[in-house]
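Right, one structure below, let's go through it.
The values are calculated or read from the model by the stated rules, or taken from the named source; none is laboratory data. All values derive from a computational prediction rather than experimental measurement. We place every Cβ from the backbone using ideal geometry, glycine too, and count neighbours over all the protein chains shown. Quick note on the areas: whole protein, heavy atoms, side chains included, nothing else; ligands and nucleic acids left out. Shrake-Rupley method; radii C 1.70, N 1.55, O 1.52, S 1.80 Å.
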Amino acid sequence: MAKYPFRSALVTGASSGIGAEMARLLGEAGVPTVLVARRGERLREIKDRYDDFEVLEADLGTADGQAATAERIASDDAPVDLVVNNAGFGTSGVFHELDVERLAGEVELNVKALTVLSHAALTAMVPRGRGYLLNVSSVASFQASPGLGVYAATKAYVTSLTEALHSEVKSSGVHVTALCPGLTKTEFQDHSNTSGLASRVPDLAWTSVGQVASTGLSDVASNRTISVPGVLYKTAVTFSDIMPRSLTRWVSGTVTR
Ligand SMILES: NC(=O)c1ccc[n+]([C@@H]2O[C@H](COP(=O)([O-])OP(=O)(O)OC[C@H]3O[C@@H](n4cnc5c(N)ncnc54)[C@H](OP(=O)(O)O)[C@@H]3O)[C@@H](O)[C@H]2O)c1
């Protein structure tokens with residue numbers, strides 16, 4: 001069983017996939033955790049398995065849901081030591097053919113909610129001189145992705161913001177990390193309409209949800225700036241840094257379309 005330095009945690013998007021696996025790892029390690037998502041029934045099933053778990057049913061695509069979660073993060077009575085901004089979704093397709101309201105909702109969740117909650121987290125943690133902020137981005141953040149354009153752009157924002165925050169609070173004792181997973185089998189493929197793509201991708205290109213969740217938690221514990229689970233994706237990210245942008249765009253578009 002992993003040992004973590006976190007005294008307590010709050011995980012958004014804890015009702016499935018990477019967030020649910022992080023909640024499981026935190027529960028096994030005895031870390032009291034607040035579970036945030038819209039599907040309260042699923043959160044209550046997870047809560048019932050562990051001591052000191054709490055459910056916060058919130059739609060982070062709304063200002064009210066963001067405010068309720070920020071308020072919980074700001075609590076002095078029950079301080080949150082680790083905040084994981086994990087809730088997010090994508091939309092596959094050609095930009096101008098997609099529903100613009102859905103794309104705006106994607107920006108609201110992936111960008112705005114994450115910004116509001118990162119702000120609440122650091123406002124509470126920096127004066128305490130300790131704390132952990134883990135923002136879930138993607139390997140898609142390192143290049144433009146034709147066919148998944150808005151998603152990759154929202155994740156480029158997440159990686160860039162998180163790197164900046166890591167540097168800003170470095171001397172405060174607060175750890176800030178961007179978790180950048182590659183393909184991971186979760187409900188993401190159904191919700192982002194990428195199940196067709198998923199069926200074409202060979203097994204070796206998939207990272208397990210367990211590996212992604214445990215790498216993210218251990219990398220924020222050790223204050224890595226950017227966490228990329230798996231050798232394949234670590235190598236891909238290194239190459240995307242040195243390849244011409246036209247080539248990374250072409251490779252990415254070939255995978256996502
Ligand atoms: N799977 C991959 O291949 C992959 C790769 C790179 C990065 N990621 C990133 O990893 C993160 C987790 O995704 P996943 O793969 O675990 O997908 P997932 O299984 O679909 O989980 C997404 C989570 O986000 C929550 N969520 C969605 N909309 C929400 C809203 N409006 N308010 C509150 N919670 C909301 C969902 O809960 P409710 O529906 O109950 O609200 C769910 O718990 C995302 O940020 C995603 O972009 C995934």
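Key figures
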item: Residue match in segment 81-94 (condition: over 30 Å from Val255 (Cα atoms) and open to solvent by 50 Å² or more (accessible area, probe 1.4 Å)); result: no
item: Residue selected from segment 145-198 under the condition away from the ligand (no atom under 12 Å from the Cβ) and among the hydrophobic types (A, V, I, L, M, F, W, C), by the criterion farthest from the chain's Cα centre (by Cα); result: Val169
item: Filter result for the condition that a residue is in contact (Cβ under 8 Å) with a residue 12 or more places away in the chain, under 22 Å from Ser16 (Cβ atoms) and among the hydrophobic types (A, V, I, L, M, F, W, C), over Leu204, Leu232, Leu183; result: Leu183
item: Residue count for segment 57-111, restricted to those that are touching a helix residue (DSSP H, G or I) at 6+ places or on another chain (Cβ under 7 Å), closer than 24 Å to Asp190 by Cβ and among the hydrophobic types (A, V, I, L, M, F, W, C); result: 9
item: Which numbered condition Gly129 fails, given (1) open to solvent by less than 40 Å² (accessible area, probe 1.4 Å); (2) within 11 Å of the ligand (Cβ to nearest atom); result: (2)
item: Members of segment 208-249 found to be surrounded by 15 or more Cβ atoms within 10 Å (Cβ to Cβ), hydrophobic (A, V, I, L, M, F, W, C) and under 23 Å from Thr194 (Cα atoms), listed by number; result: Val209, Val212, Ala213, Val228, Leu232, Ala236, Val237
